[in-house]
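Written below as structure tokens is the structure these notes are about.
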Amino acid sequence: MADTNSSNIGDSVVTDEKSVTTAKPVENQNLNIAGINPKQTNMGSSEGTAMDQVSQVNREFLEKSVLKEARVKNMPYIDIERTPLNPDFIKVLDLETAKKAKMIPFLKASKNLRIAVSNPEDEETKKVLQNLKDNGFMVDLSLASEVGIEESFKLYDATQKYKKIELVQSVEEKSIQTYEKEITALKDLPVKLATIPAEEALNLLDVAALKTKASDIHYEPSEVETVVRFRIDGVLHVVFNLPTDTYHRISNQIKFRSGMQLNINAIPQDGRYVFTFNERKIAVRVASIPTPYGESFVCRYLPSDVKALTLEELGFQGQALKTLQDCTKISQGMVLVTGPTGSGKSTTLYSMLNLMNSPEKKTITLEDPVEYYIRGVVQSQISEKAGYSFADGLRSILRNDPNIVMLGEIRDVETAKTASQAALTGHVLLSTLHTNSALESIPRLVNMGLAPFMVAPALNTVVAQRLVRKVCPKCSTLDATSESEKKEFDNEKIPVPEKIPHAHGCDECSSTGYLGRLVIAEAITIDEEMKNLILKDAGLTEIETLAFKKGMIKMKQDGLTKVAQGLTTMEEVFRTTNFSG
């Protein structure tokens, strides 16, 4: 078999001593370095294994020795422990047979196999190789260290165990009070995290996220330490810094628990794990990216007990609320919710689906990813890697006779065309776009390549929104409105309040001054008069003038109204609406 496949495994197959990566001694490498508790994996070492025999041998020296042996035998060398293991390749062999023969298939193309072996002259190895050849496989061998093969199998066993069943890490009842005491002072956590096992450290961080109502934890390694930031009510806060060695243990525990490949750190990975706390089930979606100082992680917390909020509970009111309530009664047409990432668009779509869905209607969603499950709704998740895109998924959905379709996002002209056609042929289609204002969605669709004669008849309603933080009811104060603040209200034709709220900070709100979020929005129904303007390819200014004439309330006006109502602050409105218009 040609040697062309070797390029597919990056730097794992090497031909000179300089390419052998310096590594630490193998002592406890599978447990201490990975930050994994043996009780989690049942990976405790047993007597007589190669790991025991060479536990004090430097891995660099060991791998160089195997490299020299490979040269003598005129074989390629591979550092198998640093090579991604594909379960489909490994399953070419019975797992126990592969372990006994100390061999791992690491590349497969049709009937061509590349296998790492520690001793090609071993009788058991020869027997397995002959059996593969008898079954039509063409086999190329690469020499690997016995220690590397054993370690690779241990990592493979550990990750496969947690892929077979969804891991639900239960935080023990007796630990809850202890954790809650620790979390009263987040800045003191690094000292505690440095002195406890990695498994318990991650539990403590998970509980800290729940107690502070953080939606995400960001782990950002640098040259000297790792910055840990919590996203609370949409805003990131630095809560503490971790020493490098503490973070290394915790990061490997994150990878292990979320089913990522432990021996791969040069490419992004995605994973997921679940834990329970106080009888609540919380899913954690994990994403990693490589950096010069180690892997950076974002852990997003998705509680399963989050109930779907009504539009009113989200913060919609007045003209925008009535517009959305009206559009939930339509029988066909496109409804677009616009705004930047993290502005609550998906949550608004879920609330609208709850109003629109009924046993008499078929509702299908296409999401990336599915974050919350809705009873009575068929929910599908796209997979770009598998060739299942929004455009492909939408075409498939339309063959399943839906009344209502929710599309996570319109990303390209192909998806936009299919969506508009669906909206014109008896379907209600809900989706999102990234635009600053509601009516900017019209030129956005046209610029994507959708002709005005397709946009106008398909579009029914557009809404733009942001999320502003609500002032903490415990520590906020009402203070006299300043002259400059009065001017802002006057400019937007909002009655000037005598007093407006100001944020301060207390234990209740984690010293942020805010607690929770609500929507500020603008929304408009695209009626016949507006459709005619779109067909004429009118400019955005002309379309907006007509919308305001018809009573559309601007997002900034909605925000200032909520300041006057004592719900949020001027600073929050300006922070989230700092765009023209």
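Quick grid of which residues meet (1) in the same structural domain as HIS427 (by TED's automatic domain parsing); (2) within 20 Å of the chain's Cα centre (by Cα); (3) crowded, with 17+ Cβ neighbours inside 10 Å:
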{"residue": "TYR373", "(1), (2), (3)": "yes, yes, no"}
{"residue": "GLY376", "(1), (2), (3)": "yes, no, no"}
{"residue": "GLN381", "(1), (2), (3)": "yes, yes, no"}
{"residue": "ALA391", "(1), (2), (3)": "yes, no, yes"}
{"residue": "SER396", "(1), (2), (3)": "yes, no, no"}
{"residue": "ASN403", "(1), (2), (3)": "yes, no, yes"}
{"residue": "GLU409", "(1), (2), (3)": "yes, yes, yes"}
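Are there any strands (runs of 3 or more DSSP E) wholly within the range 91-154 with 3 or more residues that are touching a residue at least 40 places away in the same chain (Cβ under 8 Å), and if so which? Working first, answer last.
Values: elements: 103-109, 112-117, 138-143.
Where strands (runs of 3 or more DSSP E) fall fully within the range 91-154 and carry at least 3 residues being touching a residue at least 40 places away in the same chain (Cβ under 8 Å), they are 103-109, 138-143.
Can you confirm whether THR49 is at pLDDT below 85, surrounded by 19 or more Cβ atoms within 10 Å (Cβ to Cβ) and at negative phi?
The answer is no for THR49.
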Checked against (1) touching a residue at least 12 places away in the same chain (Cβ under 8 Å); (2) over 23 Å from GLU571 (Cα atoms); (3) over 29 Å from the mean Cα position of the chain (by Cα), ALA451 satisfies every condition except (1)
Here the qualifying pairs (Cβ atoms under 7 Å; residues six or more apart or on different chains; first in the range 428-446 and touching a residue at least 40 places away in the same chain (Cβ under 8 Å); second among the acidic types (Asp, Glu)) come out as SER431/GLU409; THR432/GLU409; SER437/GLU522; ALA438/GLU522; LEU439/GLU544
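Would you say ASN74 is polar (S, T, N, Q), modelled with pLDDT of 85 or more and surrounded by fewer than 18 Cβ atoms within 10 Å (Cβ to Cβ)? Let's see the steps before the verdict.
Values: polar (S, T, N, Q): yes; modelled with pLDDT of 85 or more: yes; surrounded by fewer than 18 Cβ atoms within 10 Å (Cβ to Cβ): yes.
So ASN74 fits the description; yes.
Scan the helices (runs of 4 or more DSSP H) fully inside the range 528-581 and keep the ones with 1 or more residues being surrounded by fewer than 17 Cβ atoms within 10 Å (Cβ to Cβ) and in contact with a helix residue (DSSP H, G or I) (Cβ under 9 Å, 6 or more places away or on another chain).
Values: elements: 528-535, 540-549, 555-564, 570-576.
So the answer is 528-535, 540-549, 570-576.
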Reported set for the range 301-314 where residues are surrounded by fewer than 18 Cβ atoms within 10 Å (Cβ to Cβ) and part of a helix (DSSP H, G or I) is GLU312, GLU313
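I'm trying to understand the selection: among the residues of the range 191-214, which are over 22 Å from the mean Cα position of the chain (by Cα) and surrounded by fewer than 22 Cβ atoms within 10 Å (Cβ to Cβ)? Working first, answer last.
Taking the range 191-214 and keeping what is over 22 Å from the mean Cα position of the chain (by Cα), we get 191-198, 200.
Within the range 191-214, VAL191, LYS192, ALA194, THR195, ILE196, PRO197, GLU200 qualify.
Can LYS174 be described as at pLDDT below 85, in contact with a Ser or Thr (Cβ under 8 Å, 6 or more places away or on another chain), outside any strand (DSSP E or B) and surrounded by fewer than 16 Cβ atoms within 10 Å (Cβ to Cβ)? Outline the logic, then answer.
Values: at pLDDT below 85: yes; in contact with a Ser or Thr (Cβ under 8 Å, 6 or more places away or on another chain): no; outside any strand (DSSP E or B): yes; surrounded by fewer than 16 Cβ atoms within 10 Å (Cβ to Cβ): yes.
So LYS174 does not fit the description; no.
Which one of GLN317, GLN325 is in the same structural domain as GLY344 (by TED's automatic domain parsing), surrounded by fewer than 18 Cβ atoms within 10 Å (Cβ to Cβ), modelled with pLDDT of 95 or more and polar (S, T, N, Q)?
On the way: GLN317 fails: surrounded by fewer than 18 Cβ atoms within 10 Å (Cβ to Cβ).
The match here is GLN325.
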(Q) Would you confirm whether or not the range 246-255 contains a residue that is closer than 30 Å to ARG517 by Cα, within 17 Å of the chain's Cα centre (by Cα) and not small (Gly, Ala, Ser)? (A) yes
* Yes or no: LEU515 surrounded by 15 or more Cβ atoms within 10 Å (Cβ to Cβ) and free of Cβ contacts under 8 Å to residues at least 24 places away in the same chain? -> no
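Starting from residues that are of a type in the set (Val, Ile, Thr) and at pLDDT 95 or above, keep the ones in the range 419-434 and report whichever is nearest to the chain's Cα centre (by Cα). Break it down stepwise before answering.
Within the range 419-434, the subset of a type in the set (Val, Ile, Thr) is 425, 428, 432.
Then keep just the ones that are at pLDDT 95 or above; that gives 428, 432.
Values: VAL428: 28, THR432: 18 Å.
Selected residue: THR432.
Being part of a strand (DSSP E or B) and hydroxyl-bearing (Ser, Thr, Tyr), is that true of even one residue in the range 266-277? Please lay out each step first, then the result.
Let us first name the residues in the range 266-277 that are part of a strand (DSSP E or B), namely 269-277.
When the remaining residues are screened for being hydroxyl-bearing (Ser, Thr, Tyr), the result is 273, 276.
Yes, there is a match, as at least one residue in the range 266-277 is part of a strand (DSSP E or B) and hydroxyl-bearing (Ser, Thr, Tyr).
Of everything in the range 421-458, what is more than 22 Å from PRO340 (Cα to Cα) and not hydrophobic (A, V, I, L, M, F, W, C)? Give them in sequence order.
Here is the first cut: in the range 421-458, the residues more than 22 Å from PRO340 (Cα to Cα) are 421-428, 451-454, 456-458.
Answer for the range 421-458, where residues must be more than 22 Å from PRO340 (Cα to Cα) and not hydrophobic (A, V, I, L, M, F, W, C): GLN421, THR425, GLY426, HIS427, PRO452, PRO457.
The values are calculated or read from the model by the stated rules, or taken from the named source; none is laboratory data. None of these values were measured; they are calculated from a predicted model. For neighbour counting, all protein chains shown are included, and Cβ atoms are generated from backbone atoms with ideal geometry for every residue, glycine included.
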